[in-house]
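Trainee: After the structure tokens below, expect a handful of questions from me.
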Amino acid sequence: MSVEQDKRLAAEAAVAEICDGMIVGLGTGSTAAFAVAALARRITDGLKVEAVATSKATAQAAIAAGIAVRDFAEVPSLDLAIDGADEIDARLWAIKGAGGAMLREKAVAAAAKRFVVIADGSKSVEAIGAAKLPVEVLPFALSFVVARLEELGAAVTVRPDYWTDNGNLVADCRFAALADPHALAGAIDAIPGALGHGLFLDEVDAAYISAAGEVTRRDR
Ligand code: 5RP
């Protein structure tokens, strides 16, 4: 069983939660792409849903697959959102944003009555913290925000030649240890010009993790 097959199985398990009439948030990345494909298959079989996408890439893929995609700017709440993660632990704390979509992903997750992470077993960790933590940065405030992130203990790399769908930069942060992720999330949230980050601590309601072909569901 390959990692790709595990991504597909986790995605299909989450997509099985979708019911007629739902508005569904679609995440970004290679695992979320399997959810888009699985949802498209269910729509072909008669499921009636609408979606919002967390990135331009996902919107394009979903539309190409025949999914009705609405503009999130016009959608105040969603029934369910499904997205990948770079790390997820037993507390259902996650680090997201390797694909740079964490700001839109967090807004969509917050709008959803239920937010479900899908991942292959390699993303499952004892405690989050080894993955780089991406922070979306207003270009105007780049030096100031990087300095503040360094004061918080981060080794910062600004992604070269990269802009988010929102036209902003991404500062990838590595911390020697994530002693208090909630405190860190609050500290980053408080930096003017830091527009969003990949710490998802209280957002995740459930996760489908597939390892060696076996899908496990974790609930909060
Ligand atoms: C994008 C994300 C992705 O969901 C995360 O990086 C996982 O991606 P993949 O499924 O390709 O490993 O947060 O911003």
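Trainee: Of the conditions (1) away from the ligand (no atom under 16 Å from the Cβ); (2) of a type outside the set (F, W, Y); (3) part of a helix (DSSP H, G or I); (4) within 25 Å of K106 (Cβ to Cβ), I43 clears all except one; give me its number.
Mentor: (4)
Trainee: Counting only residues that are surrounded by 24 or more Cβ atoms within 10 Å (Cβ to Cβ) and in a loop (DSSP other than H, G, I, E, B), how many does the range 87-97 have?
Mentor: 2
Trainee: Same structure, new question: Please state which one of E12, E17 is without any contact (Cβ under 8 Å) to a residue 60 or more places away in the chain and among the acidic types (D, E). Give the steps one after another, and end with the answer.
Mentor: On the way: E17 fails: without any contact (Cβ under 8 Å) to a residue 60 or more places away in the chain.
Going through E12, E17 in turn, the sole match is E12.
Trainee: Given A207, A177, A185, which one is in contact (Cβ under 8 Å) with a residue 24 or more places away in the chain and within 16 Å of the ligand (Cβ to nearest atom)?
Mentor: Values: A177 fails: within 16 Å of the ligand (Cβ to nearest atom); A185 fails: in contact (Cβ under 8 Å) with a residue 24 or more places away in the chain.
It is A207.
Trainee: Right, something else. If you scan the range 86-141, which residues turn out to be charged (D, E, K, R) and under 24 Å from E4 (Cβ atoms)?
Mentor: The initial filter retains those residues of the range 86-141 that are charged (D, E, K, R), namely 86-87, 89, 91, 96, 104-106, 113-114, 120, 123, 126, 132, 136.
Passing the criteria: D86, E87, D89, K96, E105, D120, K123, K132.
Residues are listed down the side, and each one gets a yes or a no for (1) more than 10 Å from the ligand (Cβ to nearest atom); (2) in contact with a helix residue (DSSP H, G or I) (Cβ under 7 Å, 6 or more places away or on another chain); (3) within 21 Å of N166 (Cβ to Cβ):
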position	(1), (2), (3)
A11	no, yes, no
I18	yes, yes, no
F34	no, yes, no
A51	yes, yes, yes
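Trainee: Could I ask something else about it? Looking at the range 121-142, which of the residues that are more than 14 Å from the ligand (Cβ to nearest atom) and touching a helix residue (DSSP H, G or I) at 6+ places or on another chain (Cβ under 8 Å) is nearest to G100 (Cα to Cα)?
Mentor: V137
Trainee: Please state which of the following conditions I191 fails to meet, knowing it meets all the rest: (1) touching a residue at least 24 places away in the same chain (Cβ under 8 Å); (2) outside any loop (DSSP other than H, G, I, E, B); (3) closer than 19 Å to A141 by Cα.
Mentor: Failing condition for I191: (2).
Trainee: Follow-up. Any residue that is over 21 Å from R220 (Cα atoms) and away from the ligand (no atom under 15 Å from the Cβ) - is there at least one of those in the range 80-94?
Mentor: Here is the first cut: in the range 80-94, the ones over 21 Å from R220 (Cα atoms) are none.
The answer is no; no qualifying residue exists.
Trainee: Filter the range 23-32 down to residues that are of a type in the set (V, I, T), within 15 Å of the ligand (Cβ to nearest atom) and touching a strand residue (DSSP E or B) at 6+ places or on another chain (Cβ under 6 Å), then give me how many there are. Walk me through how you get there before you give the answer.
Mentor: To start, the set of residues in the range 23-32 that are of a type in the set (V, I, T) comprises 23-24, 28, 31.
Applying the additional criterion that residues be within 15 Å of the ligand (Cβ to nearest atom) yields 28, 31.
So of that shortlist, the ones also touching a strand residue (DSSP E or B) at 6+ places or on another chain (Cβ under 6 Å) come out as 31.
Of the residues in that region, 1 qualify.
Trainee: Here's a follow-up. State all residues of the range 53-67 that are more than 16 Å from the ligand (Cβ to nearest atom) and either among the hydrophobic types (A, V, I, L, M, F, W, C) or touching a strand residue (DSSP E or B) at 6+ places or on another chain (Cβ under 8 Å) (or both); if no residue qualifies, say none. So that I can check it myself, show each step before the final result.
Mentor: First, pick out the residues of the range 53-67 that are more than 16 Å from the ligand (Cβ to nearest atom): 63-67.
Scanning the range 53-67 gives I63, A64, A65, I67.
Trainee: Hey, another quick one. Give the residue that is surrounded by the fewest Cβ atoms within 10 Å (Cβ to Cβ), with candidates limited to residues of the range 109-120 that are more than 12 Å from the ligand (Cβ to nearest atom) and outside any strand (DSSP E or B).
Mentor: A110
Trainee: Can you name every residue in the range 1-35 that is of a type outside the set (S, T, Y), surrounded by fewer than 22 Cβ atoms within 10 Å (Cβ to Cβ) and within 14 Å of the chain's Cα centre (by Cα)?
Mentor: A33
Rule-based calculations on the coordinates, nothing more; no lab input. Given the structure is predicted, the values throughout are model-derived calculations rather than measurements. Reconstructed Cβ throughout: ideal geometry from the backbone, glycine too, with neighbour counts over all protein chains shown.
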